[in-house]
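Visitor: Pasting a structure below so you can have a look.
The values are calculated or read from the model by the stated rules, or taken from the named source; none is laboratory data. Note that this is a predicted model, so its numbers are computed, not measured. All Cβ positions, even for glycine, are placed from backbone atoms using ideal geometry, and neighbour counts span all protein chains on display.
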Amino acid sequence: MTGPYPWRSERLLDCVGIVVVAAAATLLLRPFQDAPFVDDWVYAWSVEHLLDTGRLEVLDFADNFHGVQTLWGLLLCLPFGFSFTALRVSTWLAALAGLCGLYLLLRELDVPRRDALLGTAALGLYPTFAMLGVTFMTDIPFLSLTILASLAMVRALREHRLGWLIVAAVCAALAGGVRVVGVVTPIAMLLSLVLGRDNWGRQRARWAVALVPMVLFVAMGFWWRSRTHHVADLTWLETSTSDRLANLVFALPLLPRMAVETFGMLAGTLGLALLPLAVACLPGRTVRWTLAMFGVMVAVLVACRAAGFGYILPLATGQMWAFNELGGTTTLVPGFGLPRVPALVSWAGLALGTVSLAVSSTAVVTRRGWKPGEAFLLWSMAGHCGLIALLWLIHDRYVLVLVPLAIAVVLSAGPRLNWRVATGALVALALVTGTGIADHLRYNGALWQAVDALRRTGVAERDINGGYMVNGWLQYAHADRAFHDGQGNVDVAWVNGADEPPYRIANAPQVGWTVLDTFDYERRIGPSGRIYVLQAETPAARSR
């Protein structure tokens, strides 16, 4: 095709290819179950409530005002009514937008076409991204809007165009309407405009554009209070909004320790995310730099460990991407029996991730020059790392926002990639990711089959303990179905209470419980097993 801008057709064609490949993989896995995943029942409640009442509210269990995500989910539910299937599709569409946005961002940074496609695949096949991309968790909508804001900001800085700066501000504001950590993007925009090498960001008060999302963010915080639907007193419930706010007084005194934990987590988690690209780098003359970088990182990790500081190891049980489970849902069901990941595996993951991060960092620090917009990406990464340490967000899924930013920074440095090695690594990663998602779907399907079996026999939702996801959606999100104590307070096991209902859905048989039924599931990575439907052998302690 000829024309003044043939590269536009090339990029459009590549984005279509990204969508087609993702659609084919989705048709193979069929991941859109009509069932909740981890925390997404909290956010799904807002969509259902908006459909039923016309009022936009958030459940008190939510730690973000996710109004933007709620409205997006509503659009997908309007044709056929509320369902988790529609909500999962909405997130999948957002994930596609994020992948195309990352590809366009890489091309905007002058990354060659083939390398840009490899970088996009590295994000798309990253197990945490792929798993969360077919749920209604806030991670992917937030990440995709952050990527789109970054694309617009980089283009604004490179082309000196106010229109793209406004687009970046709009996307940043929308990202803040999904997760509160979205405030990082407008701050990074402001710093890039004010501290930029040229005067474009400082002229005509263009920097003020970056203030708009921040003002909206503050206003949203006040509005959030009037839109919170209170079900129970969560003041001292761990990880609740009130608990996080109460613990902020300890944030600064504990910041050095949390910075160490954050670095340890990043060395493993972010390093493993960059591994498909790192193994394809040809260090050449930078071998000494890589060894020096690796030595420094190892020295820091060892010194911190010797000083008594701990850090989360990658692939460990309880993480979103564990060695023997993708999704981390087994631990949220009674009778957790999945074998814990051997410490040797997690330490090996940390070592491999540290090597990968050292190779990637070397590519950045040995570059010959910086391109417009790259400082913004670095500011964004620094901001998110700071919030992880400040807010104690020590979990591998909170590192996800750093992955596309790191891919962009590394590939914009122009490292030489062996595309055959990168492709081989990505194929191996695709097998791990696809198998992990399939394993999770079979487990989650068996779990909800057990729930439905009990409900069909006439057992009330308040009399079922199926763990965090089951109890959260069936009882806490629908308080009229939940058990209330003598004072009228909602008491939901595994969510905000401890009273045990007479029926339990568990990973294993329990002493004092009669097995009523079982539902088998198969895994390819972790061990296969079955879900048990149990009934208490003695009357429940709580009164009705």
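Visitor: Please verify whether Gly512 is small (Gly, Ala, Ser) and closer than 16 Å to Leu332 by Cβ, treating the condition exactly as stated.
Guide: No.
Visitor: Has region 371-388 got any residue that is closer than 22 Å to Met137 by Cα, without any contact (Cβ under 8 Å) to a residue 60 or more places away in the chain and in contact with a helix residue (DSSP H, G or I) (Cβ under 7 Å, 6 or more places away or on another chain)?
Guide: There is at least one residue in region 371-388 that is closer than 22 Å to Met137 by Cα, without any contact (Cβ under 8 Å) to a residue 60 or more places away in the chain and in contact with a helix residue (DSSP H, G or I) (Cβ under 7 Å, 6 or more places away or on another chain).
Visitor: Restrict the check to region 403-419 and report whether at least one residue is part of a helix (DSSP H, G or I) and surrounded by fewer than 17 Cβ atoms within 10 Å (Cβ to Cβ).
Guide: yes
Visitor: Is there a residue being farther than 30 Å from Phe82 by Cα and touching a strand residue (DSSP E or B) at 6+ places or on another chain (Cβ under 9 Å) anywhere in region 453-472?
Guide: Looking for residues that are farther than 30 Å from Phe82 by Cα and touching a strand residue (DSSP E or B) at 6+ places or on another chain (Cβ under 9 Å), one finds none in region 453-472, hence no.
Visitor: Also, I was wondering about something else. Quick one: is Ala363 surrounded by fewer than 23 Cβ atoms within 10 Å (Cβ to Cβ) and either aromatic (Phe, Trp, Tyr) or not in a loop (DSSP other than H, G, I, E, B) (or both)?
Guide: So Ala363 fails the test.
Visitor: Please go through region 148-194 and pick out each residue that is outside any loop (DSSP other than H, G, I, E, B) and β-branched (Val, Ile, Thr).
Guide: Within region 148-194, Val154, Ile166, Val167, Val170, Val180, Val181, Val183, Val184, Thr185, Ile187, Val194 meet the criteria.
Visitor: Using the structure shown, decide if Ser9 is under 24 Å from Ala175 (Cα atoms) and of a type in the set (S, T, N, Q).
Guide: No, not satisfied.
Visitor: Identify, from the list Ala498, Ala477, Ala506, the residue that is in contact with a Pro (Cβ under 7 Å, 6 or more places away or on another chain) and outside the structural domain of Ala44 (by TED's automatic domain parsing).
Guide: Ala506
Visitor: Within the set of pairs 6+ apart or on separate chains, which have a first residue in region 460-472 that is touching a residue at least 24 places away in the same chain (Cβ under 8 Å) and not assigned by TED's automatic domain parsing to the domain that holds Asn507, a second that is surrounded by fewer than 24 Cβ atoms within 10 Å (Cβ to Cβ) and among the aliphatic types (A, V, I, L, M), and C-beta atoms under 7 Å apart?
Guide: Pairs found: none.
Every residue, every condition in (1) over 30 Å from Leu417 (Cα atoms); (2) at pLDDT below 85; (3) touching a Pro at 6+ places or on another chain (Cβ under 9 Å), yes or no:
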site	(1), (2), (3)
Met214	yes, no, yes
Asp233	yes, yes, no
Ala299	no, no, no
Cys304	yes, no, no
Leu315	no, no, no
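Visitor: Suppose the filter is in contact with an Asp or Glu (Cβ under 8 Å, 6 or more places away or on another chain), in a helix (DSSP H, G or I) and among the small types (Gly, Ala, Ser); does Ala389 pass it?
Guide: Taking the combined requirement at face value, the residue satisfies it.
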